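K.L.:
Below you'll find the structure I mean.
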Amino acid sequence: MKAQDTKTTKTGVLKRIAGPVVTAVGIEAHMYDVVKVGKEELMGEVIKIQGENIIIQVYEDTSGIRPGEPVINTGLSLAVELGPGLLTSIYDGIQRPLSVLVDKMGDFIQRGVSAPGLDHSKKWEFGPLVKEGQEVGPGTVIGEVQETNIVHRILVPPNVRGGTVKSIRSGSFTVDEVICTLDDGTSLTMMQKWPVRVPRPVLEKMNPTVPLITGQRILDGLFPIAKGGTAAIPGPFGSGKTVTQQQLAKWSDAEIVVYIGCGERGNEMTEVLTEFPELEDPKTGKPLMERTVLIANTSNMPVAAREASVYTGITIAEYFRDMGYDVSLMADSTSRWAEAMREISSRLEEMPGEEGYPAYLAARLSEFYERAGRVRTLGGKMGSVSVIGAVSPPGGDFSEPVTQNTLRIVKVFWALDAKLSQRRHFPAINWLNSYSLYLDSLQEWYDREVSPEWNSLRSWAMEILQKEAELQEIVQLVGSDALPEAEQITIEVARMIREIFLQQNAYDAVDTFCDMKKQYDMMKAIRQYSDLAYAAQNAGVTPQQILSVRSKNELPQIKFIKDYVPALAKIQADMEAEFNALRSAA
Amino acid sequence: MKEYRTITQIAGPLVFVEKTEPVGYGELVNIVLYDGSIKRGQVLDTSDELVVVQVFETTAGIGRDSGIRFTGETIKMPVGRDMLGRILSGGGKPIDGGPEIVPEKRLDITGAAINPYARGSPNDFIQTGISTIDGTNTLVRGQKLPIFSGAGLPHNQIALQIARQAKVPGSKEAFAVVFAAMGITKEEANYFMQDFERTGALERAVVFLNLADDPAVERIITPRLALTTAEYLAFDLGMHVLVILTDMTNYCEALRQIGAAREEVPGRRGYPGYMYTDLAGIYERAGIVKGKKGSITQFPILTMPGDDITHPIPDLTGYITEGQIVVSRELHRKGIYPPINVLPSLSRLMNLGIGKGHTREDHKKVSDQLYAAYAEGNDLRGLVAIVGKDALSERDRMFLEFADLFENRFVRQGYTEDRTIEETLDLGWNLLSTLPVEQLVRIDRDLINKYHPKFRQTAKAEG
Ligand SMILES: Nc1ncnc2c1ncn2[C@@H]1O[C@H](COP(=O)(O)OP(=O)(O)OP(=O)(O)O)[C@@H](O)[C@H]1O
Ligand SMILES: [Mg+2]
């Protein structure tokens, strides 16, 4: 990672070292300046200024560093390199490519090694899209590079005023070579740098009206997130946050995926690295890795870099949005990010807020989620960044500050529930507590793209599930046989919705992804059973007979069948026939 | 080496020293007592004016007259091939009467993080011979899978049974065992040692003992010494290493004690706010490195205070480890060994190590179905207590019986009973066959036709 902007540069000395937070004196600095700490020039960032004491968070381990060692202020702020080469990369929290770090320092992360985010020696085939004499401004696409199967659009950076193109070249270039000059003397390369803590500007924010289709039935079907929307997945350990996030990274119909492993497990990142190159995007048939950027700052990597990882990720996501892409960003877990803030804050001896978190926790969270959105870019394109944050509440208790502050901002809440995961009901998303505030704005899309019946089918399913919850309370007191006949049927239909529609096995080759058409067909088949069942009951058929209709037992199998249409049609016809027989016998 | 006599304050395990030359953060410190004996510590905070040293032993005997020597390097551990078969103190000194370790290398005990890009994917199935682990919470090489237990429960037996029986079917390599005891009693330690000796495991084990009456602060370094040794055995010598850390609860208590002495703002229930990061620094030292032969598999054991799984110690552990094996007091009271409650237990890496080419193609689905059926039966027990068995539907009664059967046949097994994975899965099918086939909604038809006892037999009869 390089830094950006030039201010005064000066050298001072270290006065105190206590873990990732160090104090320097004799140096002139501004907040968030990037500094080089100690003889090994470890990268750090100014986070507090107190008289002549400059307090710095260091992105690498500080063991062995002594008072008196030098500190150099670069005068630049923490920035990422944006350009061809981002896709398929895996970075640490400050955009150092982990593959380069392995080459430079072996299998274990050592310190004091810098590595730029992009490969500066690699040549990319650049094709111009503007001509000499043409007016360009911030966000204008001046050309493109076929980066993977994704076209990487080269833009005029937001902080360049623009003007008329004086010269533009086509051919093979590194990211440092000038490809275009403007009449005011500006020269443009394929790379931009952008300070991570500053949102990239857009022309305007638009209302989200299109869902991010994820292929996960409970999400698309009951609690959809819009493209450009925000969602939180809180849940205790082992309830399925990571699996859900990975499912979204794999199957959601975003064009670009940024996946941030923020303070979580090393093996989970390895899993993504080994799995994604082998999986195909259901839309393009190309390896999923080609549209993915990974950021891995695992739990045992330095906390300060963990704090930065979230900003690094969202800045990269915004950059692809500026090209007009739909981007989805997963952050697993925002709680570890919040804890990194807490750790740094406590070392600064700041007055703690709730549960030791800094008082600015809520502000940081909302600033982060505000960077999501469906927008018209500076170049006039439509693009979106959807943000899905995992939250890991201590003890699984949602009343803690990170969950609560997140829920105040995000529009979709997927509440994971340990009770469900313990009985292996996956995804363990509680259908009674979860919600999506996008339902209204997406209604039209579902009407148009799925079926005019879909919205009412959805409401019907939610009603049955709600009803079941009420009936379960009675069942807990008197047993299920004591329920009135109609309600015994309701219980059965609810069970079918849960077991057939809501449960979805991420590890089954077919069931892992379910398109909207199949979702609709499955729900419709359950509805058909329900309608037939109530009709039969009215005609005097006993609940025992209704519940033992054999053909419905085949329905769960539909999940595992790729070309399910004939099988489903047969089941539906069989149900029809069985109920007819029951009714005529009654 | 220069010796300072400028101690200004001693508080708990912390010693404050003034007027030193520049001292490095994290440096190893030797404290020389009036009788010439030496205690070790580490620099926690360093500045021109003041250096804060955390002492790893009791501070008894340290006074303003004690000498302070800064060694100029972080804490290193001598490691060597001849450590196998040795018993060391929680501070890494031989206590078995044998010679000093001949160091082949001196390694930093904090350990560096494995670059995620360099990690290998853990996917070798480890057969422990225990059905509730192999069948429903499968362990793989390179995993960190803790045992969440409670005071007085047989977690030590379970850990030993695993250490004894663990093997990768088809592979000849035995596991080397690194055993780190933190604050356990002499009696518990003996229990482990005798078993190691009896089974010959001691020859391929390195044992670190910090017992209940050893200094609490020493516990902070014990697991780090153990893992440094494990990394050497695994990544330098190419061994597959099983690391048993017990009891992590005592480790966390020591961490809390130091936090309090430093007057830090405490986090939940008085534990330091950085406990997640600190524990991750231990648990993440498990895994496989691409291109290297060995592996580290971790079995941390912890006792949940008040059997409360939401207590910060099990909670933060669960957030870092790749699942957990939960030992249940209720099953223990029923006289079931091993009293593993599968419902809250989990192995997250299971899917990487099971199925075709690893165990058997039906493994995942059988496991899912066993869980679902047991969970349902277990729920019904609560209902039966209120409404009685008679109010249950026939379907419910079958699930209720299934739950009992599952506990008595699948969970229960002998302390030396070593079941193969085939035995475990077939046992699972036998239990599932007590339910109507159409209730087996988690399993696809093909697998049912192939493995369900009912169809297996008809298929055999026809064929
Ligand atoms: N959709 C799913 N299908 C099948 N299994 C699932 C699904 N979701 C979760 N699981 C199971 O639950 C386990 C735990 O899920 P996951 O690792 O995502 O939990 P988590 O909430 O991220 O936990 P932590 O906070 O500790 O990281 C997985 O290893 C897997 O076995
Ligand atoms: Mg997770």
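The values are calculated or read from the model by the stated rules, or taken from the named source; none is laboratory data. Computed from a predicted structure; not experimentally measured. Here Cβ is always computed from backbone atoms with ideal geometry, including for glycine, and neighbour counts include all displayed protein chains. Please note that ligands, DNA and RNA were not included when accessible areas were found on the heavy atoms of the full protein model with its side chains. Shrake-Rupley method; radii C 1.70, N 1.55, O 1.52, S 1.80 Å.
K.L.:
B:G270 fails exactly one of the following numbered conditions: (1) of a type in the set (G, A, S); (2) under 22 Å from B:P146 (Cβ atoms); (3) at the interface with another protein chain (Cβ under 10 Å from one of its Cβ atoms). What is the number of that condition?
P.N.:
Against the list (1) of a type in the set (G, A, S); (2) under 22 Å from B:P146 (Cβ atoms); (3) at the interface with another protein chain (Cβ under 10 Å from one of its Cβ atoms), B:G270 comes up short only on (3).
K.L.:
Still on this structure: Return yes when A:K250 is buried (at least 22 other Cβ atoms within 10 Å of the Cβ), in contact with a helix residue (DSSP H, G or I) (Cβ under 7 Å, 6 or more places away or on another chain) and touching a residue at least 60 places away in the same chain (Cβ under 8 Å) and no when it is not.
P.N.:
Here the answer is yes, as A:K250 does meet what is asked.
K.L.:
Where residues in the range B:307-327 are in contact (Cβ under 8 Å) with a residue 40 or more places away in the chain and more than 16 Å from ligand 1 (Cβ to nearest atom), which of them is farthest from the other protein chains (Cβ to nearest Cβ)?
P.N.:
B:V327
K.L.:
State yes or no: is A:L212 within 16 Å of ligand 1 (Cβ to nearest atom), closer than 30 Å to A:Q422 by Cβ and either buried (at least 24 other Cβ atoms within 10 Å of the Cβ) or among the hydrophobic types (A, V, I, L, M, F, W, C) (or both)?
P.N.:
no
K.L.:
Pairs please, first residue from the range A:500-528 and of a type in the set (D, E, K, R), second anywhere and within 12 Å of ligand 1 (Cβ to nearest atom) and in a loop (DSSP other than H, G, I, E, B), Cβ atoms under 7 Å, 6+ apart in sequence or on different chains.
P.N.:
A:D511/A:Q504; A:D511/A:N505; A:D515/A:G215
K.L.:
Something else about it: Could you give every pair whose Cβ atoms fall below 7 Å, whose first residue belongs to the range B:41-67 and is without any contact (Cβ under 8 Å) to a residue 40 or more places away in the chain, and whose second residue is among the polar types (S, T, N, Q), counting only separations of at least 6 or pairs across chains?
P.N.:
If the second residue must be among the polar types (S, T, N, Q), the pairs left are B:G41/B:Q54; B:Q42/B:Q54; B:V51/B:T20; B:V53/B:Q42.
K.L.:
Take the residues in the range B:3-35 that are without any contact (Cβ under 8 Å) to a residue 40 or more places away in the chain and open to solvent by less than 50 Å² (accessible area, probe 1.4 Å), then tell me which one is farthest from the other protein chains (Cβ to nearest Cβ).
P.N.:
B:L33
K.L.:
If you don't mind, another one. Would you tally the residues in the range A:21-40 being within 18 Å of B:P22 (Cα to Cα) and in contact with a strand residue (DSSP E or B) (Cβ under 9 Å, 6 or more places away or on another chain)?
P.N.:
Step one: of the range A:21-40, the residues within 18 Å of B:P22 (Cα to Cα) are A:21-26, A:37-40.
Those still in the list that are in contact with a strand residue (DSSP E or B) (Cβ under 9 Å, 6 or more places away or on another chain) too: A:21-26, A:37-39.
Final tally of qualifying residues: 9.
K.L.:
Given the criterion within 27 Å of the chain's Cα centre (by Cα) and open to solvent by less than 50 Å² (accessible area, probe 1.4 Å), identify the matching residue among B:V384, B:V441, B:V366.
P.N.:
Values: B:V384 fails: within 27 Å of the chain's Cα centre (by Cα); B:V441 fails: within 27 Å of the chain's Cα centre (by Cα).
Unique residue meeting the criteria: B:V366.
K.L.:
Within the range A:325-428, which helices (runs of 4 or more DSSP H) (wholly inside it) include 2 or more residues that are within 16 Å of ligand 2 (Cβ to nearest atom)?
P.N.:
A:334-347, A:401-407, A:418-422
K.L.:
Same structure again: Do we find a residue being of a type outside the set (K, R), touching a residue at least 40 places away in the same chain (Cβ under 8 Å), within 16 Å of ligand 1 (Cβ to nearest atom) and closer than 21 Å to A:T214 by Cβ anywhere in the range A:356-375?
P.N.:
no
K.L.:
Please go through the range A:445-484 and give me each residue that is part of a helix (DSSP H, G or I), polar (S, T, N, Q) and away from chain B (no Cβ under 14 Å), ordered by number.
P.N.:
A:N455, A:S456, A:S459, A:Q466
K.L.:
What about A:T270, is it away from ligand 2 (no atom under 16 Å from the Cβ), free of Cβ contacts under 8 Å to residues at least 24 places away in the same chain and either in a helix (DSSP H, G or I) or under 12 Å from the mean Cα position of the chain (by Cα) (or both)?
P.N.:
It is false that A:T270 is away from ligand 2 (no atom under 16 Å from the Cβ), free of Cβ contacts under 8 Å to residues at least 24 places away in the same chain and either in a helix (DSSP H, G or I) or under 12 Å from the mean Cα position of the chain (by Cα) (or both).
K.L.:
Which residues, taken from the range A:49-63, are over 13 Å from A:K15 (Cα atoms), without any contact (Cβ under 8 Å) to a residue 60 or more places away in the chain and within 13 Å of chain B (Cβ to nearest Cβ)?
P.N.:
Scanning the range A:49-63 gives A:T62, A:S63.
K.L.:
A:P84 versus (1) without any contact (Cβ under 8 Å) to a residue 12 or more places away in the chain; (2) more than 9 Å from every other protein chain (Cβ to nearest Cβ); (3) farther than 30 Å from B:V51 by Cβ; (4) of a type outside the set (S, T, Y): which is the lone unmet condition?
P.N.:
For A:P84, the exception is condition (1).
K.L.:
Considering only the range A:485-518, how many residues are within 16 Å of ligand 1 (Cβ to nearest atom), more than 10 Å from chain B (Cβ to nearest Cβ), assigned to a helix (DSSP H, G or I) and surrounded by fewer than 19 Cβ atoms within 10 Å (Cβ to Cβ)?
P.N.:
Residues in the range A:485-518 being within 16 Å of ligand 1 (Cβ to nearest atom), more than 10 Å from chain B (Cβ to nearest Cβ), assigned to a helix (DSSP H, G or I) and surrounded by fewer than 19 Cβ atoms within 10 Å (Cβ to Cβ): 1 in total.
K.L.:
Quick one: in the range A:421-444, which of the residues that are touching an Asp or Glu at 6+ places or on another chain (Cβ under 6 Å) and within 12 Å of ligand 1 (Cβ to nearest atom) is farthest from the other protein chains (Cβ to nearest Cβ)?
P.N.:
A:A428
K.L.:
Just to be sure I understand, how many residues within the range B:238-259 are open to solvent by 70 Å² or more (accessible area, probe 1.4 Å) and either basic (K, R) or within 14 Å of another protein chain (Cβ to nearest Cβ) (or both)?
P.N.:
Here the count works out to 1.
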